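Undergrad: To start, I am sharing the structure in question, which I have written as structure tokens.
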Amino acid sequence: MSADEHVKRPARPRSVLQLLTGRDFGGFFWGRLVTATAVYLHSVVAAIVVYGATGSAFAVALVPIAQFAPQLLLALVAGAWADRGDVARQIILGRLLCSAGSGGLGLWLLVDDDATGRVLASVVVTASLVNGLGFVIGGPAMQSVTPLLVRRDELPTAMALNTAPMTVGRVVGPAVGAVMTQLTGPAQAFAVAAIGHLLFAGLMLIIRIPDIERPERDADESYSIAAALRYVWRDRPLRLLILVVTGLGFGSEPTATLAPALAHDLGGGAGTVGALTSSFGAGAGLGIIVSSWMAPRVRHEAVVSVGIVLMAVGVAGCAAAINVELAMLAMAGAGGGFIIASSSAGTLVQLRVPDHLRGRVMALWMMGFVGARPVAAVISGAVADALSVQAAWLVVAACLAAIGAWCRPRSLV
């Protein structure tokens with residue numbers, strides 16, 4: 001399907017229902033929902049298994065490090081590939097690698113169910129690294145596809161909807177993972193995650209993605225990584241928006257890394273870990289509703305600041321929680337702030353970036369968001385082990401507050 005054919009649509013923007021039931025955007029949306037659920041299922045089960053094997057929050061931090069550190073090395077290359085090549089094929093390849101990581105780990109656990117301690121933790125971390133390679137290969141392509149599937153006047157609605165898969169995934173994935181770990185074992189949970197990635201890969205075979213309009217002159221320069229870096233550097237609001245998403249990634253990681261230790265401090269087990277991480281996702285679900293209400297009434301720049309403040313308050317609340325219920329409430333507040341800020345920040349970025357640079361710029365976006373997560377995992381895990389879980393939460397909240405103060409609404413215009 002060509003770009004010219006793609007724009008021959010009714011002048012009136014499609015409704016939410018029409019977008020969700022359409023073959024292209026709808027298929028992409030539901031596929032992302034399934035694969036996001038698989039991502040969070042893998043993450044929470046991996047955290048439970050590693051914490052159970054080692055009893056160390058720092059050891060749990062090695063899981064997100066393995067999953068997300070490859071972003072720092074390969075994201076820009078993958079973004080350039082997305083701008084030059086076949087984004088559908090790139091997404092499929094990424095999902096196949098993620099499926100191999102989760103499925104291979106599940107199979108290994110079935111074959112060798114006696115592994116314990118560092119051996120078990122090492123295998124889980126290695127499988128998570130394979131997942132991480134899938135993330136980095138397919139991630140920039142996934143982030144750059146939405147503007148190609150909708151018209152410009154449909155983009156704010158589509159971007160708000162785009163937050164739903166990750167939100168639902170954060171609720172359903174940890175809950176399913178925790179329950180399956182208790183009832184059937186982690187091997188079966190990892191197998192379900194692998195199937196989820198395969199389902200999205202299958203959907204990508206039928207989704208029609210139009211061609212990107214590419215500049216005819218200075219093609220080598222236009223598609224270079226340096227061109228994208230210069231574009232971002234010269235655009236101060238865009239630079240700050242990438243800083244914002246870096247802060248959001250930093251702030252969101254401890255909700256997974258510290259969840260097992262927090263649950264342990266509050267007297268809970270695997271079920272409590274699932275409840276805590278799912279609460280973050282439930283709060284994000286409410287955040288979608290609030291963000292959708294604010295979008296036509298409040299400038300996106302102001303919405304970003306509101307979200308950062310709410311997330312910082314929620315993270316600080318995790319440090320003050322004296323029981324599971326208060327911890328869940330704090331997690332929900334952090335999740336709501338996260339989605340409010342990330343949705344509006346994502347819309348601002350998509351509206352500022354031309355099509356032929358989008359893959360590389362969104363790779364920078366992902367480097368900020370995902371690359372900050374292993375850093376947050378190391379810092380929060382080390383502080384939790386050396387001092388306390390409460391101290392780790394407060395460090396993260398302070399970082400979020402600092403970014404909120406730096407990236408005020410007027411600086412994002």
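Undergrad: Can you tell me the mean projection area, over all orientations, of the convex hull of region 32-126's alpha carbons? Units nm², please.
TA: Averaged projected hull area, Cα only: 6.7 nm².
Undergrad: Per the helix-only calculation at 222 nm, which mean residue ellipticity applies to the chain, given -39500 (n - 2.57) for every DSSP H run of n ≥ 4 and division by its residues, nearest 500 deg cm²/dmol? Kindly include the intermediate steps, with their values, before the conclusion.
TA: Values: 19 runs with 337 residues, N = 413.
Rounded to the nearest 500, it is -27500 deg cm²/dmol.
Undergrad: Please quote Rg/Rh for region 221-287 to two decimal places, taking the Kirkwood radius as Rh and restricting both calculations to Cα atoms.
TA: Details: Rg = 18.5 Å, Rh = 14.7 Å.
Rg/Rh: 1.26.
Undergrad: For the chain, list the DSSP H helices whose alpha carbon atoms reach 27 Å or more along the long axis and whose average Kyte-Doolittle value is -1.0 or above?
TA: Membrane-span-like by this criterion, though nothing is claimed about a membrane: 24-54, 87-111, 117-149, 155-183, 270-294, 300-320, 324-352, 358-386.
Undergrad: If you average 1/r over all unlike Cα pairs in region 41-85 and invert the result, what Kirkwood radius do you get in angstrom?
TA: Numbers: mean 1/r = 0.0829 Å⁻¹.
Kirkwood hydrodynamic radius for region 41-85: 12.1 Å.
Undergrad: Same structure, new question: Taking the Cα centre of region 233-363 as the origin, how large is its charge dipole in debye, to the nearest 20, when only Lys and Arg (+1) and Asp and Glu (-1) carry charge on their Cβ atoms?
TA: Roughly 640 debye, rounded to the nearest 20.
Undergrad: Moving on. Ratio to report: Rg/Rh of the chain, with Cα atoms as the point set and Rh obtained by the Kirkwood method; give two decimals.
TA: 0.96
Undergrad: How would you rank 374-382, 321-329, highest first, on the average number of other Cβ atoms within 10 Å across their residues?
TA: Ranked from most to least packed, the peptides come out as 374-382, 321-329.
Undergrad: So, one more: Based on alpha-carbon centroids, what's the gap between region 115-149 and region 373-411 in Å, whole number please?
TA: 23
Undergrad: Measure out, as a whole number of angstrom, how far apart the alpha-carbon centroids of region 241-257 and region 13-87 sit.
TA: 14
Undergrad: On the principal axes of its Cα set, how long, how wide and how thick is region 159-318? Give whole Å, largest value first.
TA: 61, 40, 30
Undergrad: Taking the chain as a Gaussian network, Cα atoms linked when under 10 Å apart, which of H264, H197, H42 shows the biggest mean-square fluctuation?
TA: Result: H264 has the largest fluctuation of those listed.
Undergrad: Starting from the Kirkwood Rh over alpha-carbon pairs, what translational D in µm² s⁻¹ does region 93-157 have by Stokes-Einstein at 25 °C and 0.890 mPa s?
TA: Answer, rounded: 178 µm²/s.
Undergrad: Provide the packing ranking of 133-144, 68-79, i.e. peptides ordered by the mean count of other C-beta atoms within 10 Å per residue, highest first.
TA: Ranking the peptides 133-144, 68-79 by packing returns 133-144, 68-79.
Undergrad: Mind pulling the per residue volume of the convex hull built on the Cα atoms of region 250-356? Å³ is fine.
TA: 102
Undergrad: Also, quick follow-up: Just want to confirm a number: the relative contact order over the chain, from Cα pairs under 8 angstrom separated by 6+ residues, in percent.
TA: Result for the chain is 27 percent.
Undergrad: Treat every Asp and Glu Cβ in the chain as -1 and every Lys and Arg Cβ as +1, leave all other atoms uncharged, and give the resulting dipole magnitude about the Cα centre to the nearest 20 debye. Could you put the intermediate results ahead of the total?
TA: Values: 28 positive and 23 negative charges, 229 e Å.
Around 1100 debye, computed over the chain.
Undergrad: Another question, if that's okay. Return a whole-number percent for the relative contact order of region 266-413, with Cα pairs under 8 Å and 6 or more residues apart as the contact set.
TA: About 32 percent, as a whole number.
Undergrad: How high is the relative contact order of region 83-147, given as a whole-number percent (alpha carbon pairs under 8 Å, six or more residues apart)?
TA: 59
Undergrad: So which residue, out of I206, I91, I288, gets the largest mean-square fluctuation from a GNM of the chain using Cα contacts under 10 Å as springs?
TA: Fluctuation is largest for I206.
Undergrad: Please work out how much length the chain gains when fully extended from S15 to D355, using 0.36 nm per residue of separation minus the C-alpha to C-alpha distance, in nm with one decimal.
TA: Net length gain for the segment: 120.0 nm.
Computed from the coordinates by the stated procedures, all read-outs in this text should not be read as laboratory data. Just so we're clear, the structure is a prediction, and the values are computed from it rather than from any experiment. Every residue, glycine as well, gets a Cβ built from its backbone with ideal geometry; the counts of neighbours run over all protein chains shown.
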